[in-house]
Every structure is written in C-alpha cells, then in structure tokens.
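**Q** Got a structure for you, written out below as structure tokens; questions coming shortly.
Just so it is clear, none of the values below were taken in a lab; they were calculated from the coordinates. Bear in mind the structure is a predicted one, so any value in this text is a computation, not a measurement. Here the Cβ is made from the backbone with ideal geometry for all residues, glycine too, and neighbour counts use every protein chain on show.
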Amino acid sequence: MKTQNRFHKSTLIKSAVTLLTALSLSVCLTACGGSQTDAGDNSQTPSPSGAVSSVAPEEGLLRTAVLYDITTLDVAKTTDDYMVPMNIFDRLFETRMVDGTAQVLKSLCEDYSISEDGMRYDFVLKSGVVFSNGSALTASDVKYSFERLLTAAAQNTDIPLEVVGADALMKKEADSLAGFEVTDDTHFSITLKAPNAGFLAELSSPAMSIVDAETMAQVKGFGTDPADTIGTGPYIITEWEANDHYTLVYNDKYWGPEPSVKKLIVRVIPDPSTQNLMFQNGELDMIDLINLDSAIVESSYKKTHADKIVTTPRVGLTYLVMNEENEYLRDVNVRKAIGMAIDVDTIIQNLYSGDAIRECGIIPTGIWGHNDSLAGFSYDPEGAKKLLSDAGYVKGQIYFELSMDSSATSDTQLLYQDISQELGKIGINAEVKTYDHASWLALRNSGRMDSFIARWGMDYNDPSNIMYTFFGSRDNARGRSINYQDSETIARVAAAPSIVDDQKRMAEYQALEKKIILDDAAWIPLLEELHLYCMGDRVESFIPQWAGFSDFYAADVTLK
Amino acid sequence: MRQSFLRRLAESVVILIGVALLIFIMLRVVPGNPIEIMMGEHANQSTVDRMTAELGLDKPIYVQFFRYITGALRGDFGTSYSLGKPVSSLMRSAFGNTLKLSVSAAVFAWVIGILCGVLSAVRAGGPADHIFMGFSLMGVSMPVFMTAMVLQFFFGYYLHWLPISGSGSWRNFILPAIALGWNSAGAISRLTRSTLLDVLQEDYIETARAKGLTETTVVLFHALRNTMLPVVTMMAIQFSGMLSGAVITETVFSINGIGRLSVLAISGRDIPLLQGTVLFSTAVVILGNLISDSLYSVLDPRIRREA
C-alpha cells in the first residue's frame, strides 16, 4: 500500500511543485516588470496613491506624510487640522519666524492703527488681492469671515466673540456683527468689547483665515470639496482622498512671492515604520521625526542625517495637573513636594534624548512674555520627604490616580511611569491608570480627574492663549480638573489681556506665573519638546512653523 | 434547501437589527462625549453644547435610534464626526480597497495553503512534508506586522521591486496580500494535510486505487473533494474576517480600508462611523457563513439531502 502510494505520488509532487514555481515566478516577474529602476537608485516616485514609478520626481514637487488624515478643509470646523488652511488661505496677519524669532507680520493687512484705549482697530486691506477663482478680496469678505465663525456652527468662536455685538449675532438676535464696520472695499474697523493687547497675534491664528463671501454663496462643498474651497493663499487644494492623501498646487493668482514648492503631496501613512522606510527609500522628501520612535531617530537619523535635521521648539508645554479637590492634592505642601520630587533634567536626557527644554513657568519658551529667570522647583527628594513629614503625612498615606490617555505617545507613557516611580520614592502612591481617549476626556472635563500629564500647544503668540485657558475662570480650571481655588488670581488672569501697555502686561503675567506656580504650586510645568524634521536630498532648506505644529507653510520649504 | 436558506436569511436580518440596536445603546452608555472628542482640546463648552444640539445628540435615545435606523434603511448612515464625510461614501471607498486586499490575500492563501497541505499529506513524514509544514508554521506563528515589515524592507526598500505602501495600483496589493494571506495559508495547509491524511485511509480510496486510477486522480478527484469540507468552512470564515477589516495590514501598508476606518471610529468615538463599520462587518460575517453553508451543501450530497 505504502509502495503503491509512493509510486504515484511522485507525479503529483512534480505537478504541484511546477505550479508553485510558476506562481512564485509570476509574482517575481510581475514585480520586476513594472520597475526598470536599478536596485540602488532611490529616485522612485510614488504616485499620490502610492504606486512606485521609476520616473524622477517632477520639479517643484514636495512629498511628505502624516500619521492621521485631516477631517476638514474648513478652518471653522477644526481646532487642529491647519495644514491646508495655512497654505490655501491668508489671514490679516501671519506669525512667522524671522531671524529665529516669531514675529507677527502684516499679511492681507496693508496698514492698521489702534485707538488709545486699545478697543478700536482700524485696518487697511491690501489692494489687488484676488482669490484663486479670480474673485477680488474686499473688506466685506473679512467681515463675512468673522461673522461666519459666529453663525456657521464653528468650533473657533473665541476670537470673534471678543468683538462688540458677537453674542447678539451668535444668538441670532442680530443679523450682522455690530463691532465690525466696513468703510469701503479696503477700509474697515473692529471694535472690541474689552482691550486685548494680543488681538493682532490672535488674528494670525489659522482660525482667522479669510474666505470669499461671493464664492461661499455659490458653492455647497466648502470645506469638503477641494474645488469649492477657495482662498487667497499661495496654494490651491486640487484633491483630497480621505485617509489616503491630499494635493496642493501653486496658485498662480497669488499676490506674494512665488514659492519654490509648486506641488505638495501629503500622504496619510499611519505606521511610523512605513514612513521611515519610505523616507529612506526616497519616496518622501521630508519627514516629521516626532512621528518616529525616538530610538530610530537616535540610532539612525542623528547619525546618518545629522546635517539634514531641522529643529524647532514645539512652543507648547508638557505639564502635570494636580486637582485641588482631591483630599491630598488640596494641600499645597503635597503639591510642592511633588514639584520637588520630579527630576525633569534627567527625564529630558533619558526619555527625550535631550530633545526638550526644561520649563519652569506657564508661558513656554518662544512665547512673548516668557520669563527666563523664573526658577522652578529644584529637584530635592529629601526636601520633599521632609515637607511631607512636617505636614504630618506618613509614607504611603498619600494616594491618587495618575490618569493616562491610552492614545498618549510612547514618550508620554514612559513619562507617566517615570513620574509615578519618582513620587513613590518620596512615599506618594501615584497609580497610573489608563483610560481610552473618550473616557479620559470625559473624566477630565468633569473636573474629577485626580492628576494627569498633558501637553498644550500654543495657537497664537500671546500668553493669554495658555493662561486664560487654564486659569482664566473657575469653569476653565474645572474643565481641566485643576480646580484652582484662588478667585482673586483667576480674576487677574481674566483681566490681564486688557492691559494695553506691553511692559505692564508682561509684568502682570510674570507675577501671576510666580503666584500660580511657585506660591500655590497649582500646576507643575515640566518641559517643552523640540520638534525635529529631516529633509531629504531634494530639499535645500526648511523653516518650520513658529509654534512647531506638524503643519507647516509649504512656501517655507526651498527645493534644490 | 431553499426553505433552509430563507430561514437563515430571516435569522440574519434579525441578527443585523439586534447588532444595530446593541451597538447603538452601547455607544451611548459608555462614558465620553463624542462631540468633545470631535472638537478637540481648543473648543469651549458653549460650542460643544451647540454642536451636541445640532447633531441631535441631546434628543432621547429612542428618537436617535429611530432616526438612525430609518436613515440606514435608505442607505444613509450619517456623517462621520472625525472625517466630516458621509459614512456610506467613506465605507464604499474603503470597501473597494478592502475587497482588493481580501481577494488577493485569499487567493494567495487558498492556492498556497491547499498546495502545501496536499504535498505534505502525500509526502507525510518526508523532507517535503517538513519543509511545507515549516513554511505553514511560520505563516501561522509570525505576527502579520512582522511579516509585513520584512516584506516591505526586502521587496520595497532593498530590491525596489514593489511599493512600500499605498493602494493606487494592483502592484500595491502584492505585499499586503502575502502578509495577510500567509497566516491564512498556514492554517489552511495544516488543516488540509491532517484532513487529507485521514481521508486517504478511507476504504473508498482503496477502491479507487484498486480500480487502477493514478494516485494523482485519486488524490485530486476523490480524496481532495472530501477533504475540502472543513477547509471550505475555514476559508469562508477567514475571507469574511479579511473583508470585515485587516486592521494591521491596512495600517502598515497605508491602505484606506474598512479595518482602518474601524480603528479611526473607535479611537475617535465616531458614533456614525463606528455604527456603520460594525453593521458592515456583521453583515459580511453573516454573508460569509451563509455562503460557506451553501458550499457545504454543494460539496456534500448528504447535507443537501438533509436540507
């Protein structure tokens, strides 16, 4: 029986092996057939959808990748996705890096003046500017852009809400924004409810992009359909395939200097390892190293591409929140002891490979009003133990939860573990508990989260952006689970933006910072990450966006 | 036969409605406000409240369910909170990619799996058996992401033969199909081998051989047909699993498919998108089971007669 089987099996094996070989060969030949590129040639170009061709990348093309897709092209509908708005729209002002410092520069605004009381702003609009569909830019478009944020279910309402009559418009009690007066096509004025010395900086936020009233009345797909999403910026969006890629091309009606990059393809590559391989393979011209594992950045990029790395501060703050409604954290001695127990310098070296700046105050490095001389908590675990002991606590008595968002980056997850261990050394039991993002956000917003670590990225170059958000009202402090109790300080934070004199305003912010951080230990500022990008062989230079967003101005990239 | 099929079809509709209700309730019971997630860190509470009202999320749950189910019957699954586009159009575009990936992976898995299984069985204990079973074991035991990364490195980065990621051309699907299909091929080949070895011991196989048929004919036309019964079931389940989303493969190869959409929906608490993808996946699994049951009847006359 066995012999008989073997006799016939040889035929079967031969047929099967032949079939397998044919199959493998066909796969290999197919693979080879489409590519005539030499194995060592890195000039392959992916089409937007990823097919590799052996044709050299077209002149003026910049290819980059992001981990997540944008959700909209409309600035009114997002507080995060600014890559497209930054490039296809303009604003009255832009915050740009000039000689290494962030400066608020005039953009669509030709000239302006501010009344002595800081309430009224008179603007002159640049003339001769047209939208990419040829429609002329007028002061009415600027007014429409403000009003739209208040009436079109927008997410970015904070800035236009500062204008007189904004509440009435938002509640539909008025049909136009009373504090916005249009004199003629190029002249208009804005009257604020209260003085705000940071108003011009706020106007440079991507949220304040200017859209065309005439076009908006005609199209239905603004924000979702590239063809309907029209701006005055240096680029036009020509395609957006959800979860795959989007493409921007140069707007030949742009009023400013012609950029080096004529076409930008941004691909959605959710896997960092794939992004890394694509960059190494020459399929991407620029990579945001914040997307990659820090070990890869250290072992590969910093060694082999050191001269191609561009670094900028991420103008934002990684901080530790301690809820003053927690039975232990309400004691200022406990909060100060926590501040003294965290060795931020070692964390920066070990977890961030030195790619971060230690922060001691609320206003981060790079923001107007940042106080370099503010001394934060010194690392002193023995002093922290003594402080707790003097306050009557015994080892292990203090317990609270360090709530972690499961979507936190790997660096942040390690930061949680590190801080938990450091607090353990002074006898505080800070247990790391992980929540999914939605649950984490719900708990934090309820004001009942004991403690957490997070990062705030600045939207515009003014201290009010961070100070007011966290300490400007009791609701704000509760919504971040801080529950700061000092009403007088909260009132001062809320009033600070209306101090018109810059020197006095800066002095007030710095005094508030000292009070909140050093006296009340209401917050533990930790660090500001550095943002590293790596340029490919085709890129000559790159100036990252001032705030270190992953979004950038394509016009700030120069190709070889 | 037809009655049985219709009964299964009716059961399927009931299951679908049940799943729709369950996922709808679950998503509203778990903590977390989807609007807060959608609006991001920088939105204020009054804006969140306004959006909640505008999307009807402040309405009673039965009103929301009625609106959802009537919309779904018309093919309108709502608008994704996180991608700002109609769920039906997002799923349509994602399903195209998932279908291409699944079909190519399934073809790879079935061809390689069955061939390896048959060759191992007829050469049981020999070197060929060890080689093919080793190949299968590797497929089953290697994590998909590892296989994917090795393939990307070797064929994409080192040899420059195939694209590292994307979904624009059929060539983009070769590496993902192998990464996804190898795992299934391993399972199919092991099942094919063990079942075929059992079948080859049956009396009717001896009868066939005694009639003077060649071993190739005996194996391919007599033994393999009976071997295929459990294998087909496994293939159908695997295929419906692939169709309902190969999350890791789609993520590593940047393929905009159902799996990636599902992950996006879960992480962003995107209720319309999550409901859409869950319902879709349920429908695909139900359909897969229906097809495998029908194939069972085709392959085995006894089942056909019983039905």
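**Q** Enumerate by residue number the GluC sites (Glu not before Pro) in segment A:315-409 meeting two conditions: DSSP loop (anything except H, G, I, E, B), and at most 13 other Cβ atoms within 10 Å of the site's Cβ.
**A** Taking segment A:315-409 and a limit of 13 other Cβ atoms within 10 Å, the loop GluC sites (Glu not before Pro) found are A:GLU327.
**Q** Here's a follow-up. With the Cα gyration tensor of segment A:198-269 giving a ≥ b ≥ c as the square roots of its eigenvalues, does the rule (a/c under 1.5 for rounded; else a/b larger than b/c for prolate; else oblate) give rounded, prolate or oblate? Walk me through the intermediate numbers first.
**A** Working: a/c = 1.43, a/b = 1.19, b/c = 1.20.
It comes out rounded by the Cα gyration axes.
**Q** Report the equivalent ellipsoid semi-axes for the protein assembly as shown in whole Å, largest first, defined as the square roots of five times the eigenvalues of the gyration tensor built from alpha carbon atoms.
**A** Over the Cα atoms of the protein assembly as shown, the ellipsoid semi-axes are 56, 32, 29 Å.
**Q** Once you put a point 7 Å from the Cα of A:GLU59 and another 7 Å from the Cα of B:ILE131, both along the Cβ direction, what distance in nm separates them?
**A** With each label point 7 Å from Cα toward Cβ, the separation is 5.4 nm.
**Q** At most 13 other Cβ atoms within 10 Å and a DSSP loop assignment: could you name the trypsin sites (Lys or Arg not before Pro) in segment B:59-148 that fit?
**A** B:ARG74
**Q** What helices in chain B pass both tests, a Cα length along the helix axis of 24 Å or more and a mean Kyte hydropathy of 1.0 or higher, using whole DSSP H runs?
**A** Span-like helices, by this rule, are B:2-29, B:87-122, B:224-243, B:271-299.
**Q** Still on this structure: Over all Cα pairs of segment B:1-124, how is the pair count split among 10 Å bins, expressed in % and running from 0 up to the last occupied bin?
**A** Binned Cα distances yield the sequence 10, 24, 26, 19, 12, 7, 2, 0.
**Q** Could I ask something else about it? Restricting the count to DSSP beta bridges whose residues both fall in chain A, what percent are antiparallel, rounded to a multiple of 5?
**A** Details: 59 of 74 bridges.
Of the beta bridges lying entirely in chain A, close to 80 percent run antiparallel.
**Q** Taking amide H positions as placed in the peptide plane 1.01 Å from N, state which residues far from A:ALA356 in sequence (5 or more) or on other chains have amide H under 5 Å from it.
**A** The answer is A:LEU530.
**Q** Based on C-alpha coordinates, I'd like the Rg and Dmax of segment B:90-306, in Å.
**A** Spelled out, the Cα radius of gyration and Dmax of segment B:90-306 are 19.5, 65 Å.
**Q** Counting just the Cα atoms, what span does segment B:232-279 cover along each of its three principal axes? Round to the nearest Å and put the largest first.
**A** Computed over the Cα atoms, the extents are 36, 25, 12 Å.
**Q** Please state, as a whole number in µm²/s, the translational diffusion coefficient that the Stokes-Einstein equation yields for segment B:2-73 at 25 °C and 0.890 mPa s, with Rh defined as the Kirkwood radius across alpha carbon pairs.
**A** Answer from the Stokes-Einstein relation: 168 µm²/s.
**Q** Another question about this same structure. Give the cross-link partners of A:LYS385 among the lysines, using a straight C-alpha distance below 16 Å as the criterion and excluding same-chain residues fewer than 8 apart.
**A** A:LYS336, A:LYS395, A:LYS425
**Q** Next question, about the same structure. Using a basic spin-label model with each label point 7 Å from the Cα along Cα→Cβ, how many nm lie between A:THR304 and A:ASP537?
**A** Between A:THR304 and A:ASP537, the label points sit 1.3 nm apart.
**Q** Could you work out how far apart the two model spin labels at A:ALA152 and B:VAL13 are, taking each label as a point 7 Å from the Cα in the direction of the beta carbon, and quote it in nm?
**A** 4.4
**Q** Further question on the same structure: Using the alpha carbons of segment A:82-187, what is the convex hull volume per residue in cubic angstrom, as a whole number?
**A** 142
**Q** While we're here: For A:THR409 and A:ALA217, what is the calculated FRET efficiency with R₀ set at 51 Å and r taken between the beta-carbons, to the nearest 0.05? Numbers along the way, then the final one.
**A** Working: r = 43 Å, r/R0 = 0.84.
With a Förster radius of 51 Å, E is 0.75.
**Q** Within 10 Å of each Cβ in A:264-272, how many Cβ atoms from other chains are there, averaged over the peptide? Before the final figure, lay out each step's value.
**A** Numbers: counts 0, 0, 0, 3, 4, 7, 11, 11, 0.
Partner Cβ neighbours, averaged per residue: 4.
**Q** On a C-alpha basis, how far is the centre of segment B:89-154 from the centre of segment A:335-406 in Å? Whole number, if you could?
**A** 51
**Q** Please give the length that would be gained between A:LYS560 and A:LYS514 if that part of the chain were fully extended, namely 0.36 nm times their separation in residues minus their C-alpha to C-alpha distance (nm, one decimal).
**A** Additional length available on full extension: 11.8 nm.
**Q** Consider all pairwise Cα distances in segment B:146-251 and report the whole-number % of them above 20 Å.
**A** Of all Cα-Cα pairs in segment B:146-251, 55 percent lie more than 20 Å apart.
**Q** Would you grab the residues whose amide H sits under 5 Å from the one on A:ALA454? Only those 5+ places off in sequence or on another chain, please, with H modelled 1.01 Å from N.
**A** A:TYR319, A:VAL321
**Q** Kindly provide the helix-only [θ] at 222 nm of the protein assembly as shown, computed as the sum of -39,500 (n - 2.57) over DSSP H runs of four or more divided by all residues, to the nearest 500 deg cm²/dmol?
**A** About -14000 deg cm²/dmol.
**Q** Now a separate question. With 31 Å as the limit, write out which pairs from A:LYS220/A:LYS263; A:LYS302/A:LYS514; A:LYS77/A:LYS504; A:LYS172/A:LYS220; A:LYS302/A:LYS515 have Cα-Cα distances beyond it, or answer none.
**A** Working: A:LYS220/A:LYS263 26 Å; A:LYS302/A:LYS514 37 Å; A:LYS77/A:LYS504 36 Å; A:LYS172/A:LYS220 22 Å; A:LYS302/A:LYS515 40 Å.
Listed pairs above 31 Å: A:LYS302/A:LYS514; A:LYS77/A:LYS504; A:LYS302/A:LYS515.
**Q** Another question, then. Relative contact order for chain A: what is it in percent, counting Cα pairs under 8 Å that are at least 6 residues apart?
**A** Value for chain A: 18 percent.
**Q** Same structure again: Take the Cβ-Cβ distance between A:SER140 and A:GLN417 as r, set R0 to 45 Å, and report the resulting FRET efficiency rounded to the nearest 0.05.
**A** Efficiency at R0 = 45 Å is approximately 0.25.
**Q** Taking the Cα centroid of segment A:425-458 and of segment A:245-273, what is the distance between the two, rounded to the nearest whole Å?
**A** First find each Cα centre; the distance between them is then 37 Å.
**Q** Which value, to two decimals, describes the C-alpha radius of gyration of segment B:100-165 once divided by 2.2 N^0.38 Å?
**A** Dividing the Cα radius of gyration by 2.2 N^0.38 Å gives 1.31.
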